[in-house]
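Notes follow the structure.
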Amino acid sequence: MLQRIREPCHPYASLLVITYLQGSSSHVTHVEVTTHFTKVLAKKMSALSAAIQSMVENFHRHRLPLLCAAGLGVTAVASWMWWRKTHGGHVELKKVGTISQLLIYPIKSCKAISVQEAECLELGLRHGDLGDRHWLVVTEDGQMVTGRQEPRIVLISVTDCGDTLCLEAPGMEKIKVPVVQPKSNKILDCRVFSRDIQGRDCGDEVSRWLTSYFQSSSPYRLVHFEPDVMKPRKAQEAEKPFREKDVIAYPDASPIMLLSETSLQELNRRMEKPVSLANFRPCIVVSGCEAFSEDGWEDLKVGSITLKRVMACGRCILTTVDPNTGIMSRQEPLDTLRTFRMSDESLSYLYKKAPLFGQYYGVEKTGKLRVGDPVYLAVRRG
């Protein structure tokens, strides 16, 4: 007789048992073995089919959570890989230079104020109430006025006189402008490189002073950017490589421009008539390094701040305005820079025909810095 055995977990196991029984009992026929195997196999196939159907139904029922879980898994892996690339490993600080000058230009295109220490905020350097390029000369309809339009603007000196700015210029009497303007003064809509930005009007007195100095038939006005009231420009709108978080008031493109003294010395070595830092208007000047070594300074730590290099500074015709005479030559130092400081052809879409001199930085961490601070390059290992 066919002995009934507890069903094994696999149909082939049943077959082996049956085969064994068949060999040990002449009463077990081939038909009985085949019949039993068929029943076991059918039962297993039915169970397998039910399991597959259940899996399909469960997938459709839980498809969204499963897909979300898969997406989160992929995101987690990608995030981990990015973190390892940007934050992983050991960070070494290598000294590459020393801060020799900190320069703030309160009014765009006017003379700089040299300071011994400064705050470095998202909008750039600040000393007391004076933010870098937080004042702007504009036409009556709000268009910016810089050394490109009025080269003699570079002769206007600005002095910190406590709660006022003291403006002086050749042939003009000194004038004082309150740093904080009355809230009753109008907020004007201005344009800086075709981008909208606001500024609070600084009054009629300084407007008449500027108009007289430039001997203009149309009024010029002075406006002030108030960070707590007005929306800054996106640096990315001026130059694409900047990050979404990089913001500026009235600078051309960047909150920070850095240049080394040795780079200027190398340029002057090639020129008949030397030029000065005032031609290039950097905020942070570094000494104690090789010429143009700043080209490769990607991540810097200075004082309590950290800076992230974004791109080189492409130079324009403003550099050809003599800071001592206010006369634009339209030639030097651009002509000399073009002989050895042009970008690689692969970057011509970014810099076009502008020679490169100095580096633009975004502010990674705000804080304070001072003249004499060492400049460290952050290098990742591992």
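The values are calculated or read from the model by the stated rules, or taken from the named source; none is laboratory data. Only a predicted model underlies this, so the values are computations on that prediction, with no experimental measurement involved. No Cβ is skipped: glycine too gets one built from the backbone with ideal geometry, and neighbour counts run over all protein chains shown. In case anyone asks, the SASA skips ligands and DNA or RNA and just uses the protein heavy atoms, side chains included. Shrake-Rupley method; radii C 1.70, N 1.55, O 1.52, S 1.80 Å.
Accessible surface computed residue by residue for region 225-382, with neighbouring protein chains in place and a 1.4 Å probe, gives 47 Å² per residue. In straight-distance terms, cross-link reach from LYS353 covers every one of the aspartates and glutamates whose alpha-carbon lies under 12 Å from its own, apart from those fewer than eight places away in the same chain; here that gives ASP335, ASP344, GLU345. Taking a ≥ b ≥ c as the square roots of the eigenvalues of the Cα gyration tensor, region 147-294 is oblate, since a/c reaches 1.5 or more and a/b is not larger than b/c.
The reciprocal of the average 1/r between distinct C-alpha atoms defines the Kirkwood hydrodynamic radius, which for region 114-222 equals 14.8 Å.
Backbone amide hydrogens, once placed in the peptide plane, bring VAL91 within less than 5 Å of ARG381, excluding anything fewer than 5 places away on its chain. Rolling a 1.4 Å probe across the protein heavy atoms gives region 151-193 an accessible surface of 55 Å² per residue. For region 312-364, the list of chymotrypsin sites (Phe, Trp or Tyr not before Pro) that fall in a loop by DSSP and count at most 15 other C-beta atoms within 10 angstrom reads PHE340. Applied to region 264-278, the Karplus parametrisation 6.51 cos²θ - 1.76 cosθ + 1.60 on θ = phi - 60° returns per-residue 3J(HN,Hα) values of 5, 4, 5, 5, 5, 4, 9, 10, 6, 10, x, 10, 10, 4, 4 Hz, with x for Gly and Pro. Of the cross-linked pairs LYS183/LYS301; LYS108/LYS273; LYS95/LYS245; LYS231/LYS308; LYS174/LYS301; LYS176/LYS352, those separated by over 30 Å at the C-alpha level are LYS183/LYS301; LYS174/LYS301; LYS176/LYS352. For the set ASP160, ASP132, ASP141, ASP322, the ranking by accessible area, highest first and with no ligand, DNA or RNA atoms included, is ASP141, ASP160, ASP322, ASP132 under a 1.4 Å probe. Peptides 367-374, 241-248 ranked from most to least packed, by the mean per-residue count of other Cβ atoms within 10 Å: 241-248, 367-374. Ordered by 1.4 Å accessible area with all protein chains kept, THR159, THR319, THR98 run largest first as THR159, THR98, THR319.
Here LYS240 is the anchor, and the aspartates and glutamates within straight C-alpha reach of less than 14 Å, apart from those fewer than 8 places off in the same chain, are ASP252. Here's how it looks for ILE256: its modeled amide H is under 5 Å from those of TYR361, which are all 5 or more places away or on a different chain.
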